[in-house]
Amino acid sequence: MSQTLLDSPPQTAVRAPRQRPRSRRSLINLLYLPALLLFGVFTVYPLLSGAALSLTNWDGYSPGKIFVGAENYLRLFQDETFRLVLGNTFIYGIGSTILQQVLGLGLAMALDRPLRGRNIARAVIYLPVLVSPVIMGTMYYLLFQYNNGMLNDVVTAFGGERVAWLSDSNMAVAIVVLVNSLQFAGISMIIYLAGLQSIPAMYYEASNLDGATAFQQFRSITLPLLQPAFATSIVLNLIGGLKLFDVIQVLTGGGPGYSTNSVSTLIGIAYFDNQSAGYASAMGVVLFAIIVVFTLILNNLLNRNRLEA
């Protein structure tokens with residue numbers, strides 16, 4: 001018995017993992033309070049306040065508010081102008097998102113190659129993202145305006161007639177989509193560049209040995225492995241397109257008529273011009289709900305495709 005005990009290796013006691021003192025954990029939790037306070041003051045409170053105002057007929061100035069229930073929401077869906085503007089909002093959101101993905105992915109794939117000056121090109125393409133949309137809208141207004149616009153000067157120099165680019169509602173909506181997409185395509189480019197650079201090169205090397213073409217590599221390697229980048233870029237671009245405001249306000253002013261307004265610009269008109277703060281708040285709540293629903297659906301679809309891939 002004693003021999004067995006002498007021959008057996010020494011037993012080491014298993015120590016339980018050290019737990020942080022409760023006072024230290026409480027102190028760490030207190031560090032979240034400033035962020036939670038700012039989130040509550042600047043996000044939660046305005047959201048709840050706007051939802052409450054949407055149930056009144058407040059004009060935005062007088063101290064009295066009369067509760068009208070769901071009257072503003074019923075009025076929304078009977079308003080032909082709101083239906084027109086809601087359609088524009090979907091066009092801005094979906095159209096800008098599609099165009100930005102095409103531009104961003106194309107630029108990312110072109111600038112992912114070992115080209116001379118590619119870092120400068122990346123910076124130049126991303127630069128418009130840092131510029132205020134008001135400035136971008138003003139620049140493109142000078143390009144598309146009827147009398148002294150640069151584009152019409154080129155057209156007349158070649159013997160053509162001036163074109164009222166921003167007076168035709170369909171053309172003006174398309175121009176707004178184009179301007180917004182050109183400004184923020186750099187965001188998609190950076191996201192896709194990060195995704196492309198995270199794909200291991202051995203996948204492409206193995207496919208080259210199997211005789212895969214460039215298109216087959218793109219379809220079978222690049223696209224499936226870019227699913228996380230697609231999810232991030234699409235959601236960010238869609239949210240930005242659905243709440244588009246600055247470019248519309250500067251480029252077209254919502255005109256002609258209400259034909260190029262988005263819900264965001266119509267909210268400003270209802271609140272400040274028509275003094276219908278309750279009605280404007282109802283539009284804001286509907287826009288918030290649309291963005292939340294679109295975001296949840298897109299995240300669900302993209303994550304499901306990612307798991308299947």
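When the stretch 47-72 is examined, which residues are found to be open to solvent by 60 Å² or more (accessible area, probe 1.4 Å), part of a helix (DSSP H, G or I) and under 19 Å from Gly268 (Cβ atoms)?
Leu47
Within the stretch 214-224, track down each residue that is open to solvent by 70 Å² or more (accessible area, probe 1.4 Å) and of a type in the set (S, T, N, Q). Walk me through how you get there before you give the answer.
Step one: of the stretch 214-224, the residues open to solvent by 70 Å² or more (accessible area, probe 1.4 Å) are 214-216, 219-220.
Gln216, Ser220, listed by residue number.
Working only within the stretch 115-147, note down all residues that are among the small types (Gly, Ala, Ser) and loosely packed, with under 14 Cβ neighbours inside 10 Å.
Going through the stretch 115-147, the residues among the small types (Gly, Ala, Ser) turn out to be 117, 121, 123, 132, 137.
Once the filter is applied, which keeps residues that are among the small types (Gly, Ala, Ser) and loosely packed, with under 14 Cβ neighbours inside 10 Å, the stretch 115-147 yields Gly117, Ala123, Ser132.
Search the stretch 235-259 for residues that are among the acidic types (Asp, Glu) and pair each with any residue that is part of a helix (DSSP H, G or I) and open to solvent by 30 Å² or more (accessible area, probe 1.4 Å) when their beta-carbon atoms are under 9 Å apart and the residues are at least 6 apart or on different chains.
Asp246/Pro133; Asp246/Val134
Residue by residue through the stretch 148-176, note down the ones that are within 26 Å of Ser262 (Cα to Cα) and surrounded by fewer than 17 Cβ atoms within 10 Å (Cβ to Cβ).
Answer for the stretch 148-176, where residues must be within 26 Å of Ser262 (Cα to Cα) and surrounded by fewer than 17 Cβ atoms within 10 Å (Cβ to Cβ): Leu151, Val163, Ala164, Ser167, Asp168, Asn170, Met171, Ala174.
Can you find a residue that is open to solvent by 60 Å² or more (accessible area, probe 1.4 Å), outside any helix (DSSP H, G or I) and among the aromatic types (Phe, Trp, Tyr) anywhere in the stretch 247-260?
The answer is yes; a qualifying residue exists.
Report the residue count in the stretch 146-205 for those that are part of a helix (DSSP H, G or I) and at positive phi.
Count: 0.
Could you please find all residues in the stretch 274-289 being in a helix (DSSP H, G or I), open to solvent by 30 Å² or more (accessible area, probe 1.4 Å) and over 10 Å from Ala51 (Cα atoms)?
Phe288, Ala289
Look at Ala270 and say whether it is small (Gly, Ala, Ser), closer than 24 Å to Leu48 by Cβ and within 22 Å of the chain's Cα centre (by Cα).
no
Test each condition in (1) open to solvent by 40 Å² or more (accessible area, probe 1.4 Å); (2) part of a loop (DSSP other than H, G, I, E, B) for Arg75 and report the one that comes out false.
(2)
Checking the conditions here, which among Thr43, Thr89 is open to solvent by less than 60 Å² (accessible area, probe 1.4 Å) and either at pLDDT 85 or above or not basic (Lys, Arg) (or both)?
Within the list Thr43, Thr89, the selection yields Thr89.
The values are calculated or read from the model by the stated rules, or taken from the named source; none is laboratory data. Just so it is clear, the model here is predicted, and its values are computed rather than measured. Quick reminder, even Gly has a Cβ in these numbers, built from the backbone with ideal geometry, and neighbours come from all protein chains shown. Heavy atoms of the whole protein, side chains included, go into the accessibility calculation; ligands, DNA and RNA do not. Shrake-Rupley method; radii C 1.70, N 1.55, O 1.52, S 1.80 Å.
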